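The values are calculated or read from the model by the stated rules, or taken from the named source; none is laboratory data. All figures in this text were calculated on a predicted structure; none of them were measured in a lab. Cβ atoms come from the backbone with ideal geometry, glycine included; neighbour counts cover every protein chain shown. Areas reflect the complete protein model, heavy atoms only, side chains present, ligands, DNA and RNA absent. Shrake-Rupley method; radii C 1.70, N 1.55, O 1.52, S 1.80 Å.
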Amino acid sequence: MGLSIAQRKALAIVPKVTGVLSMTGSGLIIYDILPNRKKRKKTYFRIMCAMSIFDFVTSFMYALSTWPIPAESGVLYASGTEGTCIFQGFFIQLSLAAPLYNLSLAIYYLLFITYQWKERELKKLERFLHPAIMVIAFGIAIAGLPLRLYNNSNVWCWIAPDAADPNRGDNANFYRFALFYVELWIIIITVTILMSAVVLTIVRTE
């Protein structure tokens, strides 16, 4: 049984609303940090700003929702092409950078609070964090291009099989796990462990 028109409209419209709200939040963080010279000098704020920039871009892609999907797909409000679909899918996959920066913040909290690292020491580590995140996030997103993974996934374009072309999106479910969900869950578990250690440190000092 297919979705009703009302349900299809909700799936197409809700991401536009939530995407704009997320863009607004991320935009305010960026606006608060970038013009402020003192904040730009701090490792914490630079990591926060970088995370917000990636989140802003990703939120914009989610806000587009079904628009970039090829018009001939029959998806509600779809008005794009194969190129716009690939473009959206690439940047949605690139959203992995935001949780990677979240992990960086957890590492920052652990080193600053638990191990009492100084700003000078944190800056040395930061030199490796940004390049590492860029290589991982962009590397995985770029890998999806020759594999032709970015296709219509009904609500937006991401890793999905292409019903019109069996050569596109082959083994999409496998690649969703291999290129996104596995990494995401590793990050979630690691952040949970690191933040638990930080909380334990704070409890012990009180």
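Of the residues Thr192, Thr43, Thr205, ranked by 1.4 Å probe accessible area with the largest first, the sequence reads Thr205, Thr192, Thr43.
Length gained on full extension, Leu147 to Leu105: 11.9 nm, using 0.36 nm per residue less the C-alpha separation. Among the trypsin sites (Lys or Arg not before Pro) in the stretch 25-78, those placed in a DSSP loop whose Cβ has at most 14 other Cβ atoms within 10 Å are Lys41.
Evaluate the relative contact order of the stretch 1-134 (contact order divided by residue number), counting alpha-carbon pairs under 8 angstrom at least 6 apart; express in whole percent.
23
Along its principal axes, the stretch 3-96 has C-alpha extents of 51, 26, 19 angstrom, given from the largest down.
Just the Cα atoms of the stretch 79-156, one point each, no solvent: what log10 I(q)/I(0) does Debye give at q = 0.16, 0.27 Å⁻¹? Debye intensities relative to I(0), on a log10 scale: -0.67, -1.20. Dipole magnitude for the chain: about 1000 debye, using +1 per Lys or Arg Cβ and -1 per Asp or Glu Cβ, origin at the Cα centre.
Note on His130 and Lys16: the extension gain reaches 38.1 nm, defined as 0.36 nm multiplied by sequence separation minus the Cα-Cα distance.
Pairs of Lys residues in the chain are counted when their Cα atoms are under 17 angstrom apart and they lie 8 or more places apart or on different chains; the count is 10. Here Arg204 and Asn36 are evaluated by their C-beta separation; at R0 = 25 Å the FRET efficiency comes out at 0.15. By the Cβ-Cβ criterion of under 4.7 Å, the unpaired cysteines of the chain are Cys49.
Remark: spin-label model distance Ile189-Asn167 equals 3.8 nm, labels positioned 7 Å along the Cα→Cβ axis. Helices meeting the span-like rule in the chain (full DSSP H runs, Cα extent of at least 27 Å along the helix axis, mean Kyte-Doolittle score of 1.6 or higher): 182-205. For the stretch 64-153, the residue among Ser79, Ala106, Ala141 whose Cα projects farthest onto the positive side of the dipole built from Cβ charges is Ala106. Report the Cα centroid-to-centroid distance between the stretch 48-85 and the stretch 140-181 in angstrom, as an integer. Going from one Cα centre to the other spans 15 Å.
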